[in-house]
Amino acid sequence: MTIIYQYRVATTSLGGFLKLLRAWRGSVYKLMYKELVIFVSLYALVSSVYRLALTQKQKRKFESLAMDLHSVSTAIPLSFVLGFYVTIIVQRWWEQFTNVPWPDRVVLVVVVVEVVVVVIVVVVILVVVVVLIVVTIVVVVVVVVVIVIVVVEIVVVVLLVVVKVVKVVVVLEAEVVVVVVVV
């Protein structure tokens, strides 16, 4: 039976959440109260017997029994026990999953088409990004090559100017020598 709480939730007040928790129909408390009452009763009984009815020797024996039971409880790993529990839960879930009717082929085709379109868009975006990166690298390489060429040309021009200046100086020195010898 379905229990509707939307009107209680929609009209909340200061204690609305607590009122909702106290709702009995479909409550978690309704599922657990019997076990809780049994556990609390047994705990109170054992605690009362231990504190009021046992002698010191009996208390030591009880404590020894409790320690032995504790060591036995740690002998089987909790993960091992939980493994069986999880297996049972997964089997139940899998049975429910296999009993769910599958959607129409049309819905499956629509989903496949949407996935294909998304994959194509992602691939196109990746290709564009790669092309932009390659173009950027090519532009940077071209700029570096142009800068190197310009620097080499400047060095060549400077060297040519230096060579011409040296030739002029050599020629001038030769003329000075000739002039000195002639005089």
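The values are calculated or read from the model by the stated rules, or taken from the named source; none is laboratory data. Bear in mind that the values here come from a model prediction, so they are computed numbers and not experimental data. For neighbour counting, all protein chains shown are included, and Cβ atoms are generated from backbone atoms with ideal geometry for every residue, glycine included.
The figures follow:
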| quantity | calculated |
| --- | --- |
| Pairs, first over 25 Å from Leu20 (Cα atoms) and modelled with pLDDT of 95 or more in the stretch 30-46, second among the hydrophobic types (A, V, I, L, M, F, W, C) and in a helix (DSSP H, G or I), C-beta under 6 Å, six or more apart | none |
| Any chance Thr12 is surrounded by 10 or more Cβ atoms within 10 Å (Cβ to Cβ) and either modelled with pLDDT of 75 or more or on the phi < 0 side of the Ramachandran plot (or both) | yes |
| Complete set of residues in the stretch 66-79 that are within 22 Å of Val46 (Cβ to Cβ), in a helix (DSSP H, G or I) and not acidic (Asp, Glu) | Ala66, Met67, Leu69, His70, Ser71, Val72, Ser73 |
| Hits in the stretch 80-123 (condition: of a type outside the set (A, V, I, L, M, F, W, C) and outside any helix (DSSP H, G or I)) | Pro101, Pro103, Asp104 |
